Amino acid sequence: MSGLKTISTALLLFILAAAAFSGSVNKPTNYNPWIDATGGPDAYGYTWIDSDEPGGPVYQWIDITTIGTQVTGLTDDNFVGPFPVGFDYDYYWYTVDEFYIGSNGYLKIPPSYNICQTFPASIPLTTVPNDFIGVYIADLDYSWGGLCYYWTNETDTCIVSFINVPAWQQSGSTGRHTFQVILDGAENTILINYGVQVGAFSNNDILIGIENNNGQVGLEHSHDVAVPHNDYSVKFTRPDSTTYQVHDFAVYDVLSEGSKAIFKELNQAFSPEIWIKNVGNQPEAGAQMMCNITNPSGQTVYSDAAAVSALSPGQVELITLTPWTPGYIGQYSVSVTVQLTGDMNPANDNKIAEVDIVDLPGELAYDDGSAETGLAWNGEDGGYAMYFESPGVPAEITSMRIYINSSGVAPLNVFIAEIIDDDAPNNHPGTVLFSDTIECPVTSAAWYTTEPNITVDDGKFFGVWKQTAYQSTYMGIDQTAPISRQTWEFTQGWAPYREAESDEAMIRVMVGEGQIPEPVIEASPDSLFFGEVTIGDTNSIPFTLYNVGLAGDLIITEMTFTGVPGTILLNVTGFTPDTLAPGDSMNLTAHYHPLLPLPNVGSINFANNSTVSPYMVYFSGSGVGVGVNDPANQIPDKYELSQNYPNPFNSGTLFSFALPTAGFVNLTLYDLQGREAAVICSGEFSAGRHQVSFKAEDLASGVYLARFTAGDYRQARKVLYIK
């Protein structure tokens with residue numbers, strides 16, 4: 001852990017004693033003991049050659065400061081992006097169209113990863129991170145200065161330049177380092193130029209090279225040996241062809257992007273989502289996937305399996321498993337394994353994620369309550385955060401607890417607790433919503449509580465611990481699986497924590513009940529009245545479906561129709577099965593084409609994942625004939641109230657009645673105790689056939705009587721309303 005900017009309580013005394021004994025710390029010097037000026041090929045066929053070798057690249061810096069885009073947001077130990085390559089760049093056996101830029105001198109192909117000290121020991125390694133270009137991986141520090149520019153011609157060239165970037169040192173960042181990487185799509189090369197290099201790096205921890213998406217293949221230029229000399233270039237070249245074959249399916253993500261832990265409400269069913277990716281370079285016919293969920297006691301509470309489809313190299317399949325309804329609160333492990341015949345990389349065949357079951361109002365917690373270590377930063381302004389997404393919104397945060405593993409004595413016994421919104425770009429920490437300075441009265445381990453009493457409308461926020469002085473307090477760190485992967489770090493800027501795969505900061509929040517995020521489907525208009533339409537003609541009415549829920553995607557899977565068969569043709573254009581995020585909509589048009597001179601009522605039904613499925617949009621219309629003998633043009637010979645349609649109904653319904661003479665009509669709904677519930681219509685109507693719609697709003701579910709009065713005629717129909 002000598003390269004980490006964090007320090008554990010277990011190491012503190014050892015480090016202090018070692019410093020006292022040695023009296024000084026040896027610093028690396030600038031030297032360049034390159035033994036080889038070429039390298040490779042790796043297993044795929046990549047080679048490299050440098051500018052010190054005959055036939056190698058000639059150093060030529062390309063200035064993009066006047067034509068490129070200045071990259072902002074880089075600080076100490078973070079990344080920004082993604083940035084488009086501008087074209088499909090061939091990298092190993094797949095194409096890359098975007099990347100993240102790391103402050104420590106790398107390009108990371110998605111997914112993102114915060115590469116920090118201690119850096120990978122060598123290239124390649126199957127442990128994360130994988131899929132990166134190590135331009136000049138070292139402990140650089142943009143918080144002390146430096147510039148970065150990005151440019152693409154959107155055809156075959158993409159350049160990223162790092163200019164005059166200091167190197168982090170505990171005593172203060174020093175030196176300046178200038179370098180750039182050029183992705184050449186026409187030549188299939190990666191050219192790295194090293195300009196002026198001044199100063200050394202922390203622990204001489206330097207890594208240069210490239211690595212593929214599963215970490216089995218890569219080509220290292222150098223690690224931990226020297227700072228490149230000024231005006232130096234190295235070029236990595238992709239082979240024109242390769243005999244390398246790899247069969248490899250990976251469990252790419254579990255439950256969420258990045259396999260980050262999620263919170264679910266007690267007794268609320270949800271379907272685990274699993275992403276399987278073909279990270280090999282051969283098409284595969286398919287595989288088997290298994291998923292097991294175990295409770296805090298290690299007992300299996302859910303098992304499911306599914307077939308993985310045939311996947312081409314680079315293709316990802318999302319598999320949605322059968323629903324699981326958690327019956328107890330606590331921390332659950334979700335273990336997923338994929339089995340591909342002939343798989344050549346077992347390291348990525350299994351992944352474990354975390355789902356935390358809560359009963360709101362309640363405490364959101366990722367840790368198990370026990371700290372394996374305590375960490376603080378080698379600086380005054382370091383911090384940790386946990387990202388929370390409450391299963392109930394809005395999130396009413398009543399309290400926050402932070403576990404301090406140990407603290408110094410006054411005045412070095414103070415830390416800052418904050419709630420920060422995720423409103424910065426890419427859902428990074430942004431606006432500080434609450435801040436409190438907390439004093440630790442004891443130096444031993446303890447929980448400390450503060451009471452924000454704030455509301456976060458979308459339920460997404462960070463709970464934060466920040467130290468106020470060099471190693472003033474030590475954050476409690478849980479290292480027992482499952483791990484949430486939701487820990488963030490602050491070193492002059494926020495980024496996902498470098499050890500998020502194994503550590504999580506012990507920060508908890510208490511939230512109110514809120515509402516369980518779910519989709520809500522509505523239509524406008526919610527009833528379609530086509531009126532009288534001449535047989536052979538068509539009347540069209542546009543309408544829109546909306547997801548008006550606070551959260552949760554609305555998944556509309558199917559559209560069907562009800563009505564009197566053979567009397568009309570009804571067609572709806574614009575519909576395809578789709579997913580609507582909150583606030584999204586789908587525009588449709590209904591086309592009514594009567595075949596017979598008769599009235600018709602029916603509904604357009606949408607199967608979906610909301611609590612109202614199918615959701616019904618009701619319609620009515622009448623076919624009008626052209627002759628006096630057509631039924632639609634004839635005056636009825638008797639009074640009649642037809643049965644409403646649909647019946648039962650859960651939103652709106654249509655009533656039809658016939659009048660042989662013009663007169664006053666009253667149609668009223670009564671409950672079974674004879675109390676008036678609603679007036680459906682009341683007024684003068686002409687002789688003929690009529691339709692009126694009724695939309696239930698404040699009615700309770702149950703049986704009602706619809707009483708029809710026209711002159712001396714009385715009739716009643718039984719109506720069933722179901723909410």
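State the extension gain, in nm to one decimal, for the chain segment bounded by residue 241 and residue 256, taking 0.36 nm per residue of separation less the distance between their alpha-carbons.
Working: separation 15, 0.36 × 15 = 5.40 nm, distance 3.62 nm.
That works out to 1.8 nm of additional length.
Just to confirm my numbers, what's the Cα centroid distance between the range 536-595 and the range 166-188 in Å?
First find each Cα centre; the distance between them is then 55 Å.
Expressed as an acute angle from 0 to 90° and rounded to the nearest 10, what is the orientation of the C-alpha long axis of helix 9-22 relative to the principal long axis of the chain?
20
Residues in the range 441-469 near a label at residue 398, defined as backbone nitrogen under 12 Å from the 7 Å Cα→Cβ point?
Hits in the range 441-469 for residue 398 at 12 Å: 452-454.
Please work out the FRET efficiency for the pair residue 637 and residue 685, using the Cβ-Cβ distance as r and a Förster radius of 25 Å; give the result to the nearest 0.05.
Approximately 0.95, to the nearest 0.05.
Kindly give Rg over Rh for the range 249-358, based on alpha-carbon atoms, with the Kirkwood expression for the hydrodynamic radius.
Taking Rh as the inverse mean 1/r over Cα pairs, Rg/Rh reads 1.00.
Assuming 0.36 nm per residue, please report the length gained on full extension of the stretch residue 61 to residue 714 beyond their Cα-Cα distance.
Fully extending the segment from residue 61 to residue 714 adds 225.6 nm.
I need the fraction of alpha carbon pairs in the range 468-526 separated by more than 18 Å, rounded to a whole percent.
59
In whole Hz and in residue order, list the ³J(HN,Hα) couplings for the range 107-124 that follow from phi through the Karplus curve 6.51 cos²θ - 1.76 cosθ + 1.60, θ = phi - 60°; x for Gly and Pro.
10, 10, 6, x, x, 5, 7, 8, 8, 9, 4, 7, 6, x, 5, 6, 10, x
Please enumerate, by chain and number, the lysines with C-alpha under 25 Å from the C-alpha of residue 718, excluding those fewer than 8 residues away in the same chain.
Those lysines meeting the cut-off are 638, 695.
Could you sort the peptides 126-134, 98-106, 587-595, 436-444 by per-residue average Cβ neighbour count (10 Å cutoff), highest mean leading?
Highest mean packing first, the order is 98-106, 126-134, 587-595, 436-444.
Hey, got the Cα dimensions of the chain along the principal axes, in Å, largest first?
Result, largest extent first: 112, 66, 51 Å.
What residue among 281, 69, 612 has its Cα farthest toward the positive end of the dipole of the chain, where the charges are +1 on Lys, Arg and -1 on Asp, Glu, each on the Cβ?
After comparing all options, I get 612.
Taking square-rooted eigenvalues a ≥ b ≥ c of the alpha carbon gyration tensor, is the range 163-215 rounded, prolate or oblate, where a/c under 1.5 means rounded and, failing that, a/b exceeding b/c means prolate?
Oblate, because a/c is 1.5 or more while a/b does not exceed b/c.
Would you be so kind as to identify which of 484, 546, 561 lies farthest towards the positive end of the dipole of the range 480-571, taking Lys and Arg as +1 and Asp and Glu as -1 on Cβ and the Cα centre as origin?
484
What does the highest-first list of 258-266, 204-212, 296-304, 406-414 look like by mean Cβ count within 10 Å?
Per-residue mean Cβ counts within 10 Å order the peptides as 204-212, 258-266, 406-414, 296-304.
Between residue 479 and residue 282, how many nm apart are label points set 7 Å from Cα along the C-beta direction?
3.9
What FRET efficiency do you get for residue 147 and residue 198 if R0 is 22 Å and r is their Cβ-Cβ distance, rounded to the nearest 0.05?
On the way: r = 15 Å, r/R0 = 0.70.
Working from the Cβ atoms, E equals 0.90.
Is the range 635-723 rounded, prolate or oblate when judged by the Cα gyration tensor, a ≥ b ≥ c being the square roots of its eigenvalues, rounded requiring a/c under 1.5 and prolate requiring a/b larger than b/c?
Cα axes put the range 635-723 in the prolate bin.
Using only the Cα atoms of the range 31-237, build the gyration tensor, take square roots of its eigenvalues as a ≥ b ≥ c, and label the shape rounded, prolate or oblate: rounded if a/c is under 1.5, else prolate if a/b is larger than b/c, else oblate.
rounded
Rg and Dmax in Å for the range 362-511, alpha carbons only: what are they?
Spelled out, the Cα radius of gyration and Dmax of the range 362-511 are 14.0, 40 Å.
Given points 7 Å out from each Cα along the Cα-Cβ axis, report the residue 230 to residue 378 separation in nanometres with one decimal.
Taking the two extended label points, one gets 2.9 nm.
If the only charges are +1 at each Lys and Arg Cβ and -1 at each Asp and Glu Cβ, what is the size of the charge dipole of the chain around the Cα centre, to the nearest 20 debye?
1680
Once label points are set 7 Å from the Cα along Cα→Cβ at both residue 303 and residue 675, what is their separation, rounded to one decimal in nm?
5.5
Past 22 Å, Cα to Cα: identify those pairs from 277/460; 235/277; 260/460, in the order given.
Beyond 22 Å: 277/460; 235/277.
Please check which bits of the range 648-682 a label hung off residue 700 would reach, taking the label as a point 7 Å along Cα-to-C-beta and the cut-off as backbone N under 16 Å.
670-678
Could you tell me the largest-minus-smallest coordinate of the C-alpha atoms of the range 136-286 on each of the three principal axes, in descending order and whole angstroms?
Rounded to whole Å, the extents work out to 58, 47, 32 Å.
What's the center-to-center distance, using Cα atoms, between the range 75-122 and the range 632-711 in Å?
Taking the Cα centre of each part, the range 75-122 and the range 632-711 sit 67 Å apart.
For residue 47 and residue 127, FRET efficiency with R0 = 25 Å and r from the beta-carbon atoms, rounded to 0.05?
Computed FRET efficiency for residue 127 and residue 47: 0.50.
Laboratory data are not the source of any read-out in this text; all were calculated from the coordinates shown. Because the structure is a prediction, the values reported are computed rather than measured. Don't worry about glycine lacking a Cβ; one is built from the backbone with ideal geometry, like all the others, and counts go over all protein chains shown.
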